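Peer 1: Just dropping this structure here.
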Amino acid sequence: MVEMTGHERVMDVNEIIVSKTNLKGHLTYANDVFCKFAGYSVSEIMGKPHSIIRNPNMPRCVFKLLWDRIQDGKEIFAYVVNRSRNGDHYWVLAHVTPSYDPSGQINGYHSNRRKPDSKAVATISEIYDLLLKEEAKHSNRKDGMNAGTELLHKFLEDKGVEYDEFVLSI
């Protein structure tokens, strides 16, 4: 695994990261902005798992929520911290949607990512830190993810909002 550098790459307000995956989460398309921030060429990442850019500081329970939603045919907005090839990190506001074939069956996923608001990143970072700490309390990764999921649901329930509503409100 690549060691994290602590250096943040920051998107320009006019940049949009776009990627598409198949049902298993393997990349089928990535635009130039994706490649720039991820630090890979298109030929290096095509067919690779999208998780190639997974940052260890991103709670697994948030990815579980994301996958549950898109596999259920729903879109989701989420703040995500990704990892560049060299260990830098970059925050995005992701909009992830299922893609459909002509018969209406989900055949992949599409994500557009924009530069997030820095105040929103500060807010979500604190929450993600709590979720990561909860996940780390468990020796079994699945148990940790489930405990993080419970904590996230309780947080949202206490606020009286769904995840997307919360994300778009900060």
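A short reminder: the numbers here are calculations on the coordinates, not readings from a lab. All figures in this text were calculated on a predicted structure; none of them were measured in a lab. Cβ sites come from the backbone with ideal geometry, for glycine too, and all protein chains shown count toward neighbours.
Peer 1: Over what distance in Å are the Cα centres of region 100-146 and region 46-70 separated?
Peer 2: Between the Cα centres of region 100-146 and region 46-70 lies a distance of 6 Å.
Peer 1: Which FRET efficiency value, to the nearest 0.05, is calculated for S118 and D164 with the Förster distance at 22 angstrom and r the Cβ-Cβ distance?
Peer 2: E between S118 and D164, to the nearest 0.05, is 0.60.
Peer 1: Add +1 for every Lys or Arg and -1 for every Asp or Glu among the other residues with Cβ under 12 Å from the Cβ of F77, and state the total.
Peer 2: In short, 0.
Peer 1: What does the net charge come to around H95 if you take all other residues with beta carbon closer than 9 Å to its beta carbon, with K and R at +1 and D and E at -1?
Peer 2: +1
Peer 1: To check my understanding: the extent here is largest minus smallest coordinate of the Cα atoms along each principal axis. What are those three numbers for the chain, in Å, largest first?
Peer 2: 44, 42, 34
Peer 1: What does the charge add up to near G144, with Lys and Arg as +1, Asp and Glu as -1, over the other residues with Cβ less than 12 Å from its Cβ?
Peer 2: Value of the local net charge: +2.
Peer 1: Enumerate the calculated ³J(HN,Hα) couplings along region 104-116 in order (Karplus 6.51 cos²θ - 1.76 cosθ + 1.60, θ = phi - 60°), each rounded to whole Hz, writing x wherever the residue is Gly or Pro.
Peer 2: These are the phi-based 3J(HN,Hα) values: x, 8, 5, 10, x, 9, 10, 9, 10, 10, 10, 5, x Hz.
Peer 1: Sticking with this one: In a GNM of the chain with a 10 Å cut-off on Cα contacts, which of F77, F155, F63 has the highest mean-square fluctuation?
Peer 2: Of F77, F155, F63, the Gaussian network model singles out F155 as fluctuating most.
Peer 1: For the chain, calculate the relative contact order in percent as a whole number, restricting contacts to Cα pairs under 8 Å that are 6 or more residues apart.
Peer 2: Normalised by residue count, the contact order of the chain is 25 percent.
Peer 1: Going 7 Å from the Cα of K142 along its beta-carbon direction, which residues of region 32-60 have the amide nitrogen within less than 17 Å of the resulting point?
Peer 2: 60, by backbone N distance to the label point.
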